[in-house]
1. Quick check: is even one residue across the stretch 23-32 of a type in the set (Asp, Glu) and surrounded by 15 or more Cβ atoms within 10 Å (Cβ to Cβ)?
2. Are there any pairs with C-beta distances below 9 angstrom linking a residue in the stretch 19-33 that is in the same structural domain as Asp59 (by TED's automatic domain parsing) and within 16 Å of Leu58 (Cβ to Cβ) to a residue that is at pLDDT 95 or above and basic (Lys, Arg), with the two at least 6 apart or on different chains, and if so which?
3. Looking at Arg13, Arg85, which one is modelled with pLDDT of 90 or more and surrounded by 11 or more Cβ atoms within 10 Å (Cβ to Cβ)?
4. Among the candidates Asp16, Asp59, Asp55, which residue alone is in contact with a Cys (Cβ under 9 Å, 6 or more places away or on another chain) and either outside the structural domain of Arg87 (by TED's automatic domain parsing) or touching a residue at least 12 places away in the same chain (Cβ under 8 Å) (or both)?
5. Among (1) within 15 Å of Met1 (Cα to Cα); (2) touching a Leu at 6+ places or on another chain (Cβ under 9 Å); (3) at pLDDT 85 or above, where does Ser47 come up short?
6. Do you know which residues across the stretch 1-53 are β-branched (Val, Ile, Thr) and under 21 Å from Ile76 (Cα atoms)?
7. Kindly evaluate Leu68 against the criterion of being under 14 Å from Arg7 (Cβ atoms) and either at pLDDT below 85 or in contact with a His (Cβ under 6 Å, 6 or more places away or on another chain) (or both).
Amino acid sequence: MSLRQIREKSGYRQLDLAEYLGVTQVTYHRYESGEREPSIEQLKKLSAFFSVSIDSILDNCAEEKDVLSQYERQLIEAARNADKRARTDALMLLKANDRSSI
């Protein structure tokens, strides 16, 4: 999976990632098109942002299932910030809804 595919699957725009990396949108576009390579620090940031390895970004081998969508990232962040009771309640609700769709 290419950097572009990873970004699109995650639900972000080029501008979002450009701002996150502190580069212009044109520069970020060049990373995706292969016209330019990101620095090691930028690769580290992209790796952390998308929760994939640097190798996945460089080798275009990230599995689609390994890339979290923006919604999934928000769910994880909310769960991390919630207290134990809220996490338990949310998990039970999600599992109950999952069973009802079977």
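The values are calculated or read from the model by the stated rules, or taken from the named source; none is laboratory data. Just so you know, these numbers come straight off a predicted model, no measurement behind them. Ideal geometry is used to build each Cβ from the backbone, glycine not excepted, and the neighbour counts take in all protein chains shown.
1. Yes, the conditions are met somewhere in the stretch 23-32.
2. Leu21/Lys45
3. Matching residue, one of Arg13, Arg85: Arg13.
4. Checking each option against the conditions leaves just Asp55.
5. Unmet for Ser47, out of (1) within 15 Å of Met1 (Cα to Cα); (2) touching a Leu at 6+ places or on another chain (Cβ under 9 Å); (3) at pLDDT 85 or above: (2).
6. Those that are β-branched (Val, Ile, Thr) and under 21 Å from Ile76 (Cα atoms): Ile6, Val52.
7. When the stated conditions are applied, Leu68 passes them.
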